[in-house]
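Take a look at the structure below.
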Amino acid sequence: KKRSRESAFVLGLSGYLGAGKTTFVKMLARELGVKRNVTSPTFILERNYPIPRTSRYAKYFARLAHIDAYRLTKHDPTFSHHLFRLMRDPRLIILIEWPERITMLLPKGTAHISFSAPNEHTRVVEMK
């Protein structure tokens, strides 16, 4: 999908605990060439991963930001300001788990993927 080169690419990842959101982030990071171990940012809200200059995606993106909004229960002006600052970087991919907790902060045109786990061996992924 075409996107503005004036802002970050924002992707919301929705689904229950254990549905596959962080696993998806790990797989995408690996595809982007990220070498570091990707872990959930649940307790710190955000983790950042540089995209290596040798990656075939480096001409588009320099960094991946992984945000977990699960613990955000009320409006936090400091987090809001930080997120708006991140969204201005056109060389950034922002993946947000639990985007429904910060809907009012998401930019127009945010892409969404929904994850569900009908059983322990099956995952359903839907682009919305």
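By the gyration tensor of its Cα atoms, with a ≥ b ≥ c the square roots of the eigenvalues, what is the shape of the stretch 32-128: rounded for a/c under 1.5, prolate for a/b over b/c, or oblate? It is oblate, given that a/c is not under 1.5 and a/b is not larger than b/c. For a straight C-alpha distance cut-off of 15 angstrom, the aspartates and glutamates reachable from Lys74 (same-chain residues fewer than eight places away being disregarded) are Glu100. The trypsin sites (Lys or Arg not before Pro) found in the stretch 1-78 that occupy coil by DSSP, while having at most 16 further C-beta atoms within 10 Å, are Lys1, Lys2, Arg3, Arg5, Lys35, Arg36, Arg53, Arg56, Lys59, Arg71, Lys74. Counting only DSSP H runs of at least 4 residues, each contributing -39500 (n - 2.57), and dividing by the residue count of the chain, the helix-based mean residue ellipticity at 222 nm comes to -5500 deg cm²/dmol. Taking Cα centre as origin and charging only the Cβ of basic (Lys, Arg, +1) and acidic (Asp, Glu, -1) residues, the dipole magnitude of the chain rounds to 620 debye. Here the stretch 6-26 is scanned for amide nitrogen atoms under 15 Å from the site 7 Å beyond the Cα of Tyr57 along Cα-to-Cβ, giving 8-13, 22-26. The phi torsions of the stretch 86-97, fed into the Karplus equation with coefficients 6.51, -1.76 and 1.60 and a -60° offset, translate into couplings of 4, 5, 7, 8, x, 9, 10, 9, 10, 9, 10, 7 Hz, rounded to whole numbers, with Gly and Pro shown as x. Which longest run of the chain has no exposed loop site in it, a site being GluC sites (Glu not before Pro) in a DSSP loop with at most 15 other beta carbons within 10 Å, and the site itself not part of the run? Of all site-free stretches, the longest is 7-119.
Any read-out appearing in this document is the output of simple, stated calculations on the displayed coordinates, not a laboratory observation. Bear in mind the structure is a predicted one, so any value in this text is a computation, not a measurement. With ideal geometry, Cβ positions are generated from the backbone for all residues, glycine too; neighbour counts draw on all protein chains shown.
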